[in-house]
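Below: the structure, in structure tokens.
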Amino acid sequence: MGRGDGYDDAAGALRGLVREAGECLVLDGALGTELEAHGADLQDELWSASCLVSAPHIIRKVHLDYLEAGANIITTASYQATLQGFQSRGLSSEQSETLLRRSVEIAQEARAIFVEGRSKGPYAGRENDGSRERRPVLVAASVGSYGAYLADGSEYTGDYGRSVTKEALKNFHRRRLQVLADAGPDLIAFETIPNKLEAQAYSELLEENDIRIPAWFSFTSKDGANAASGDPITECAAVADSCRRVASVGINCTAPGLIHGLILSIRKVTSKAIVVYPNSGETYVAETKEWVDSAGASGTTDFASCVGKWREAGASVVGGCCRTSPATVGAIARALREADAADVFYRPKPCSLVFSQKS
Ligand SMILES: [Zn+2]
């Protein structure tokens, strides 16, 4: 897989990887939370991207922690890394592009360490299930939405104002997307998309720039029926479905309790692989840049108890977003392994989340 490998059908390429992984790929969890846990200072508009400059070794360590926990896909620290953001800090365009490329390289380095260690080093024997020994390990280049660059929480409202047109969004993302794609990730993750307009911009950019790396489009939802902007999730998913460069479509940074219904809605408009990586169920308050407790849905055990149900509904890439950890990802991987070990009559246990949506 990758550029120039006779790529024809992005969705088919990802389906092949899903099969290789045992019918479900495990995605990693939160990067920012873990970077802070390892001592990184993220009180910065560039958020986790600031560590590309100050602490690349911590990013590499967090990627490795997720791989060790059972992730098949690690996501680069480029969610909030934009050429415009770096340049506003006084970096040259060349330095900015180098940092974007670094985000992919750091993840590739972590993968190399993990794969090497899996055969003979510290990770050997960590995976008790032999069938997963050859599981795919992939690097997804993260592309945060325009709202993530604004760092004002607008990726959770989808309200960019009237002056932000589709062309403006394309111009904002174009060079960044090309630099990330040229660094050779296995996948491109367009994350936390809050509205249909930005999905259309991405879709056109993938075609215009002839990006041959399978992409996924992941939207956020606050109500279980619409993207953050209020655009129906079915319309958003249909944009992804109609783009042949898009391998997968789904939901991230959304309360776990909303995920099942959203999978069913997306399923109605696409046969592409569905990716879900909810947050811990807490709610982000843009004014204070803090997460506050919402009712229920925050425990690792509860989160993992829903994985079987999500998979049965049609999800084939599952991971965690904000405030999740390697423990969450480990629990997801275990839940899937248990499902694999069971026979074809496997039925997931009842999901134990509290589905109240206090925010
Ligand atoms: Zn998130």
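Remarks
- DSSP beta bridges in region 10-341 [antiparallel fraction, %, rounded to 5]: 10 percent
- If you take all other residues with their beta carbon under 11 Å from the beta carbon of Glu208, and give Lys and Arg +1 and Asp and Glu -1, the sum is 0.
- In this structure the amide hydrogen of Asn226, modeled in the peptide plane, comes within under 5 Å of the amide hydrogens of Ile233, none closer than 5 places in sequence on its chain.
- Highest mean packing first, where packing is the average number of other Cβ atoms within 10 Å per residue, the peptides 325-337, 137-149 line up as 137-149, 325-337.
- Close amide H pairs (under 5 Å, H built 1.01 Å from N) link Tyr277 with Ile251, Asn252, Cys253, Gly319, residues at least 5 positions away or on another chain.
- Extension reserve of the Ala37-Ser88 stretch, reckoned as 0.36 nm per residue once the Cα distance is removed: 15.6 nm
- The Rg/Rh ratio of region 10-341, with Rg taken over Cα atoms and Rh as the Kirkwood radius over Cα pairs, comes to 0.93.
- Spatially close lysines, pair count over region 10-341: Cα under 29 Å, gap of eight or more or interchain: 23
- Simple label model, 7 Å out from Cα along Cβ direction - Asp159 to Leu264, nm: 3.1 nm
- Cβ-based net charge around Ser93, under 14 Å, with every Lys or Arg adding one and every Asp or Glu removing one: +3
Laboratory data are not the source of any read-out in this text; all were calculated from the coordinates shown. Fair warning: this is a prediction, and the values are worked out from it, not measured in the lab. Don't worry about glycine lacking a Cβ; one is built from the backbone with ideal geometry, like all the others, and counts go over all protein chains shown.
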